[in-house]
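Chemist: My structure is below; once you've seen it, I'll send some questions.
Nothing in this text is a laboratory measurement; each read-out follows from the coordinates by a stated rule. Keep in mind that this is a model prediction, so the values were computed, not measured. Reconstructed Cβ throughout: ideal geometry from the backbone, glycine too, with neighbour counts over all protein chains shown.
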Amino acid sequence: MSSVDVAELVDRIWARDPTVWTRTDEASWLGWLDEPNRMLERLGELESLERDFDDVVVLGMGGSSLGPEVLRRTFAVDGFHVLDTTYPSAIRALEAELDLERTLFVAASKSGTTLETRCQLDYFLDKGGTFGAITDPGTELEQFARQRNFAWVVAGEPTIGGRYSVLSPFGMVPATLMGLDVRMLLERAAAMAEWCRLRDENPGADLGAQLGGGWTEGRDKVCFADTPGGIGLWIEQLIAESTGKDDKGLVPAPGESPDGPDRQAAIVRLNDPYDIGAEFFRWEFATAVAGSIIGINPFNQPDVQAAKDRTTAILERGDVVLEPESSAEELFAQAREGDYIAILAFVDPARVHELEPLVTRAHETGCVVTFGLGPRYLHSTGQLHKGGPNSILALQVVDDLGEELKIPGRKFGFRRLISAQAAGDLEALKERGRRVARVRLEDA
């Protein structure tokens with residue numbers, strides 16, 4: 001796009017003009033533009049939250065967990081945990097670390113019905129502790145929390161989608177509970193928002209024009225050096241879920257080399273940890289701009305539901321056995337120029353390091369290699385895998401899930417749930433004609 005086009009695009013985004021994208025409901029999802037200033041006005045509410053606990057655990061998925069997890073890592077906060085898995089041994093391991101009576105559990109879900117979050121909540125409610133909730137007004141979770149006399153319920157902003165919610169209560173309540181200077185985070189975000197109004201030298205628009213322009217030239221892999229705090233986790237969801245639809249999309253690839261005809265380089269600007277507030281907003285605005293250039297609605301996620309529906313159907317059928325299908329070698333042999341490999345690991349998070357030899361072999365194909373830990377990625381890059389370009393080679397890796405961990409009030413436990421999630425996602429990928437394989441970790 002020319003500088004004039006970008007300048008006009010900036011004005012139209014701030015004017016809430018849905019014709020910037022697909023002329024559908026985009027104007028209803030632009031609350032993130034104002035959220036830094038809106039949250040500065042809510043600081044008193046955040047600071048009043050009870051936080052005299054030894055440990056805090058956020059129960060959430062996707063947009064409700066990735067922002068808090070990146071903040072936790074960036075500021076190296078002890079005693080703060082983000083549980084965004086249904087893997088039985090990971091839940092057992094976290095529980096063993098906690099003095100439950102001195103722990104605050106925060107259930108975070110915009111819809112209030114996120115299956116993983118509600119199952120985690122059911123499990124820990126049966127164990128003890130203090131509970132809070134972050135959810136949009138009027139949700140089932142809000143009603144449940146008030147019925148169960150949670151310590152507090154903080155309302156989200158309903159005009160913001162999950163992946164744009166890090167500067168809303170879904171990120172700023174956890175930041176408060178970590179003891180961070182939330183005012184400084186928000187003030188830097190608000191300053192970036194003002195810079196993103198400029199018609200020239202606009203940090204967010206410039207990045208978005210670069211991302212979208214690269215896509216038009218066939219450079220759809222966005223390669224950037226990740227930070228020690230792992231901001232790549234958050235950027236992955238933002239870019240993949242926002243742009244990966246209608247057989248189009250950008251493939252975020254943290255840590256990958258930008259050298260190659262299908263790749264472009266991007267830079268994360270994080271000279272000081274508190275710059276992350278500004279960086280969150282810059283990438284949000286950039287993604288909105290890139291979405292306009294690509295010609296998609298960056299605020300919906302039409303293909304995420306597919307894996308959820310299949311998971312539900314599989315859960316109703318009963319237990320599932322995750323049998324190997326094909327092999328890594330057979331899958332990698334299908335690699336073509338412009339493809340990318342996604343290693344989708346439904347394994348114990350403590351064993352992730354065991355995948356390194358597999359990642360090395362994947363790189364030997366010359367393709368960009370991405371990694372997703374299941375079920376986390378289902379709420380992040382999963383939209384891109386199913387709705388984006390059919391250039392993915394999807395390798396699902398599973399291990400022995402161990403003994404069942406029961407969920408009070410449910411007909412299934414966590415072992416059965418994560419098995420159904422793995423099976424459901426592979427079925428959804430096949431349905432969309434993706435090239436897939438499943439291997440066991442010990443055989444990989």
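Chemist: Express in whole angstrom the spacing between the alpha-carbon centres of region 331-370 and region 102-126.
Modeler: 32
Chemist: Under a GNM of the chain (C-alpha, springs under 10 Å), which listed residue has the highest mean-square fluctuation: L358, L250, L40?
Modeler: Greatest mean-square fluctuation among the candidates belongs to L358.
Chemist: Okay, next question. Along the Cα→Cβ direction, 7 angstrom out, place labels at R51 and E354. What is the inter-label distance in nm?
Modeler: The two pseudo-label positions are separated by 3.8 nm.
Chemist: Using just the helices of the chain, give the 222 nm mean residue ellipticity in deg cm²/dmol: DSSP H runs with n ≥ 4 each add -39,500 (n - 2.57), and the total is spread over all residues, rounded to 500. Before the final figure, lay out the partial values.
Modeler: Working: 17 runs with 181 residues, N = 444.
One gets -12000 deg cm²/dmol as the mean residue ellipticity at 222 nm.
Chemist: Place a point 7 Å from the Cα of D181 along the Cα-to-Cβ direction; which residues of region 256-275 have their backbone N under 18 Å from it?
Modeler: Only 270-275 fall inside the zone, counting backbone N under 18 Å.
Chemist: What residues have an amide H closer than 5 Å to that of L393, excluding those fewer than 5 places away on the same chain, when H is modeled at 1.01 Å from N in the peptide plane?
Modeler: Y340, I341, A342
Chemist: Could I ask something else about it? If you keep only loop residues by DSSP, which GluC sites (Glu not before Pro) in region 151-232 have at most 16 other Cβ atoms within 10 Å of their Cβ?
Modeler: E201, E217
Chemist: Here's something else I'd like to know. Please get the size of the charge dipole for the chain, origin at its Cα centre, with Cβ charges of +1 on Lys and Arg and -1 on Asp and Glu, quoted in debye to the nearest 20.
Modeler: Magnitude of the dipole: close to 800 debye.
Chemist: Here is a further query. I'd like the distance separating the alpha-carbon centroids of region 42-75 and region 177-213, in whole Å.
Modeler: Cα centres, region 42-75 to region 177-213: 21 Å.
Chemist: For region 40-56, take each phi angle, set θ = phi - 60°, evaluate the Karplus expression 6.51 cos²θ - 1.76 cosθ + 1.60, and give the result in whole Hz per residue in order, putting x for glycine and proline.
Modeler: Result, rounded to whole Hz: 4, 6, 9, 4, x, 5, 5, 5, 7, 5, 5, 9, 8, 9, 6, 9, 10.
Chemist: A further question on this structure: Between D272, D25, D126, find the one with the highest GNM mean-square fluctuation for the chain; connect C-alpha pairs within less than 10 Å.
Modeler: With Cα springs under 10 Å in the chain, the top fluctuation among D272, D25, D126 is at D272.
Chemist: Taking amide H positions as placed in the peptide plane 1.01 Å from N, state which residues far from F131 in sequence (5 or more) or on other chains have amide H under 5 Å from it.
Modeler: F105, A151
Chemist: Taking K and R as +1 and D and E as -1, what net charge do the other residues with C-beta under 12 Å from the C-beta of D17 add up to?
Modeler: That sum, taken over residues with Cβ under 12 Å, equals 0.
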